[in-house]
1. If the chain between A:Glu207 and A:Ser261 were fully stretched, how many nm would it gain, using 0.36 nm times the residue separation less the Cα-Cα distance?
2. Taking amide H atoms as placed 1.01 Å from N in the peptide plane, list the residues 5 or more away in sequence, or in a different chain, whose amide H sits under 5 Å from that of B:Lys147.
3. Kindly rank A:202-208, A:59-65 from highest to lowest mean number of other beta carbons found within 10 Å of each residue.
4. Between A:Ser51 and A:Ala251, what is the label-to-label distance in nm when each label sits 7 Å out along the Cα-to-Cβ direction?
5. For segment A:167-177, what does the Karplus curve 6.51 cos²θ - 1.76 cosθ + 1.60, with θ = phi - 60°, yield as ³J(HN,Hα) per residue in whole Hz, taken in order and with x for Gly and Pro?
6. Filter the cross-link list A:Lys75/A:Lys238; B:Lys95/B:Lys153; B:Lys128/B:Lys153; B:Lys36/B:Lys128; B:Lys128/B:Lys156 down to pairs whose alpha-carbon distance in this structure exceeds 25 Å.
7. Over the Cα atoms of segment A:145-266, compute the convex hull volume and normalise it per residue, giving Å³.
Amino acid sequence: MPTAVLTGQTVARKNHTQIGGPDDAFGPTQWTVLDGAHSPDPARRRQAVASVAARYWKPVYAYLRQKGMRNEDAKDLTQAFFTEVLLKRDLIRKAAREKGRFRTFLLTALNRFATSEHRKRTAKVRRPEGGVLPLDAMTDGMPAIPARCASPEEAFAHAWASSLMADVLGEVEAACRQAGQAKHWEVFRQTVVAPALQGAAPPALSELCERLEIANEVKASNMNVTVKRRFRSVLRTKVRALVGSADDLEAEIRELMEILSHPGAGGEPDVRR
Amino acid sequence: MSTEEVTGGMRSDGLAGLLRIGLEADEGRAYSLDEKREARLRAALAGALPPGTPAGSALPGFGRAAPAGSVPLANLLLGADTPLSTLRWIKEYAKALPAAAEPDTRRAVATTLYFAAIAAALRFHGEKITTHGCADLAEHFGSLVEKRWMDPKLVKHFAAAQELCLEETL
């Protein structure tokens with residue numbers, strides 16, 4: 001049975017009365033969170049922007065660092081970007097009308113902002129009072145910039161994809177555990193995730209079966225298939241929320257893959273202070 | 001503050017490899033009923049109230065009138081500031097959902113959304129928007145918590161609502 005049926009795409013495509021929505025109709029996206037920035041309530045506006053900022057500050061920060069900014073300057077400008085750019089009504093209204101991919105919107109806005117700031121050559125600290133992000137208090141650290149990221153755009157894409165992937169993997173693991181499939185998750189993590197993300201050599205299935213007390217390699221392989229399906233579903237659901245239409249979903253994934261596969265974007269992360 | 005890696009040292013090429021899974025065709029093994037329910041529930045929670053349905057054109061209490069397609073159902077069901085009227089609407093909508101195709105799956109999802117709305121009313125408004133008694137509700141919530149295909153966020157939601165109901169019955 002095709003995956004499309006499971007996610008309601010095929011069955012609900014022409015039926016707009018189904019909860020869940022057809023995949024090709026406009027569905028709630030990251031734009032909808034920004035809708036809160038239109039609220040007449042200033043607290044709600046700040047909350048909407050803060051919500052988006054908390055989610056996407058890492059790619060913005062990574063971009064600015066790759067532009068050559070020092071840590072503190074990049075933090076200040078990251079704060080300023082979300083406070084000044086996203087809170088500007090005109091920009092949000094314009095973006096909302098255009099829809100499209102949220103990543104592209106953010107990167108375009110960031111490019112313009114960085115260029116404008118460079119022109120102003122301001123030495124003044126741009127951190128607004130009570131800015132939307134408590135960057136100094138962030139406990140989950142700053143994003144690494146892979147040593148071979150050739151451009152700020154690649155650094156942005158890497159941080160963007162890293163955050164997305166961390167989200168997806170977290171949700172997949174939680175769903176596996178809820179389904180009583182902790183071993184399934186472990187098989188997937190050791191054979192797919194760890195080799196991909198950390199360059200670790202995948203263990204032999206026979207060895208894995210012995211360690212995890214799985215009956216045989218066929219069973220282990222099926223476990224992988226199960227989690228891969230879940231992973232695919234979660235990934236597509238999350239990417240779908242970041243693009244304007246179902247058509248953009250696969251294009252977005254391909255574009256991110258293209259950027260990340262760029263020779264300049266691979267390699268080990270460096271540590272910058 | 002350094003720029004230490006926070007995502008477990010994710011390699012760019014590795015990220016690309018994992019993203020590729022999102023484009024792969026399915027392996028072809030038959031889906032289990034639980035897999036179908038899980039996937040359909042995930043899609044439902046990421047989706048929105050459909051446009052053009054009663055009260056679907058505007059959701060009161062959202063600052064400006066938000067079109068039906070603008071808020072993910074998960075946000076509505078798990079958000080403390082979702083108006084009670086919206087939760088009542090979701091409950092009634094879930095009750096009326098057709099289940100002609102894939103009845104087991106659709107019914108499971110509709111039941112989940114129905115009780116999620118009731119749970120939200122209890123947790124965030126202290127209101128019972130159903131004629132089910134507290135003991136009854138506690139049992140339903142408990143049953144949903146145990147479902148292997150249940151979204152983990154809803155598991156916590158139902159567990160919290162169950163606790164409230166159990167307190168009422170003591």
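1. Once the chain is fully extended between A:Glu207 and A:Ser261, it gains 16.3 nm.
2. none
3. Working: A:202-208: 14.9, A:59-65: 27.7.
Highest to lowest by the protection proxy: A:59-65, A:202-208.
4. Reported label-point gap for A:Ser51 and A:Ala251 is 2.7 nm.
5. 3J(HN,Hα) across segment A:167-177, in whole Hz: 4, 4, 5, x, 5, 5, 4, 4, 5, 4, 5.
6. Details: A:Lys75/A:Lys238 27 Å; B:Lys95/B:Lys153 21 Å; B:Lys128/B:Lys153 21 Å; B:Lys36/B:Lys128 31 Å; B:Lys128/B:Lys156 19 Å.
Violating the 25 Å Cα-Cα cut-off are A:Lys75/A:Lys238; B:Lys36/B:Lys128.
7. So the per-residue hull volume is 112 Å³.
Coordinate-derived values only; no laboratory data. Remember, it's a predicted structure, so these values are computed and weren't measured experimentally. Please note: Cβ atoms are built from the backbone with ideal geometry, for glycine as well, and neighbour counts cover all protein chains shown.
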